[in-house]
1. Show the residue pairs that are 6+ apart or on different chains and have beta-carbon atoms under 8 Å apart, the first residue being within region 38-57 and touching a residue at least 60 places away in the same chain (Cβ under 8 Å), the second being in a strand (DSSP E or B) and among the aromatic types (F, W, Y).
2. Kindly indicate the residue of region 114-157 that is farther than 20 Å from Y19 by Cβ and among the acidic types (D, E) and also surrounded by the most Cβ atoms within 10 Å (Cβ to Cβ) among those meeting that condition.
3. For region 150-193, which positions are touching a residue at least 12 places away in the same chain (Cβ under 8 Å) and among the hydrophobic types (A, V, I, L, M, F, W, C)?
4. What number goes with the only condition from (1) at pLDDT below 95; (2) more than 17 Å from the chain's Cα centre (by Cα) that C117 does not pass?
5. Counting only residues that are surrounded by fewer than 18 Cβ atoms within 10 Å (Cβ to Cβ) and charged (D, E, K, R), how many does region 188-216 have?
6. Scan region 133-186 residue by residue and report those that are assigned to a helix (DSSP H, G or I) and among the hydroxyl-bearing types (S, T, Y).
7. Can you tell me how many residues in region 17-50 are within 20 Å of the chain's Cα centre (by Cα), exposed (fewer than 15 other Cβ atoms within 10 Å of the Cβ) and of a type in the set (K, R)?
Amino acid sequence: MGRKRRAFVDYSKYVRRDYCKVVRLMKEIAREKRMTMSSIGEVNRHEERCLIYKLQTAQPGKCGFAVFLGAGIHGDEYEGVFSVLELLRKEKNLLGMFDLTAIPLMNPFAYIEGRRCLEKNMNRELKRRKSAPELAKILMSAIPPSDLVIDVHSSDEDDGFCCFETRRRRKSLGKKVVVNMKKRGYKIDTNTEGKRNLGGVLKTVKNQGSVEEFGFRRGADWSLTLEVSSNCSSINERIEEGTVALGVCLEEFLRLKRR
């Protein structure tokens, strides 16, 4: 099976560290898809402030399976941010099957500065303790208990698509996603991190304070970190890969839950 090409937005014009433009895009999607958009909190840096937003299905609790999508906790990983937004923009029937919560850009100041991290790696700070950074506390309060948690990243160290997985269920959702992506013609990285990489699915280190681990602790059956390689192709092609991977995750998740 070859790749299924779709008409994607040209996101290259958005990758300019312009947070206001991203927020406007979120508002457009919320209006078109009849989702609710609300602030989950405010962060401050150098006398500037940013509100962080989530998008949510208009009638949470109606559809049955709860799904959380996150991205942008590392500020220089644009692919995840726009993969989540493109999925929300393009999909209708699939997304209507879930109680969906998305925080497409979790770390706005890191995004604005084009840096992976500022003072701390926020994807290691999601641990319930008094000393947790304010941003980590905001995110932990906003990420709901979900059946499926997906956090989208990109990496220049990977030679293709791969994913990290933490699960309660016997069957691996990550493995099904990797197999499906390979069938669609996407290159799979099977070498990153050596023995921990099982054909493109990596075992997650415990107690690291990541979005994936936090989602698992909140009860997720499957919690995944998707890694899109940023080593090759254009920004739009990488965003397309991330969007396809998200759609595959949701489809395979439904198949597993309905068995």
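The values are calculated or read from the model by the stated rules, or taken from the named source; none is laboratory data. All figures in this text were calculated on a predicted structure; none of them were measured in a lab. Cβ atoms come from the backbone with ideal geometry, glycine included; neighbour counts cover every protein chain shown.
1. I40/Y53
2. The selected residue is E125.
3. I150, V152, F161, C162, C163, F164, L173, V177, V178, M181, I188
4. Unmet for C117, out of (1) at pLDDT below 95; (2) more than 17 Å from the chain's Cα centre (by Cα): (2).
5. So the answer is 5.
6. S141 - this is the single residue of region 133-186 that is assigned to a helix (DSSP H, G or I) and among the hydroxyl-bearing types (S, T, Y).
7. Counting residues in region 17-50 that are within 20 Å of the chain's Cα centre (by Cα), exposed (fewer than 15 other Cβ atoms within 10 Å of the Cβ) and of a type in the set (K, R) gives 3.
Here is a yes/no grid of residues against (1) aromatic (F, W, Y); (2) in a strand (DSSP E or B); (3) under 20 Å from N236 (Cα atoms):
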residue	(1), (2), (3)
V23	no, no, yes
I40	no, yes, no
N44	no, yes, no
L69	no, yes, yes
S83	no, no, yes
L88	no, no, yes
K92	no, no, no
L100	no, yes, no
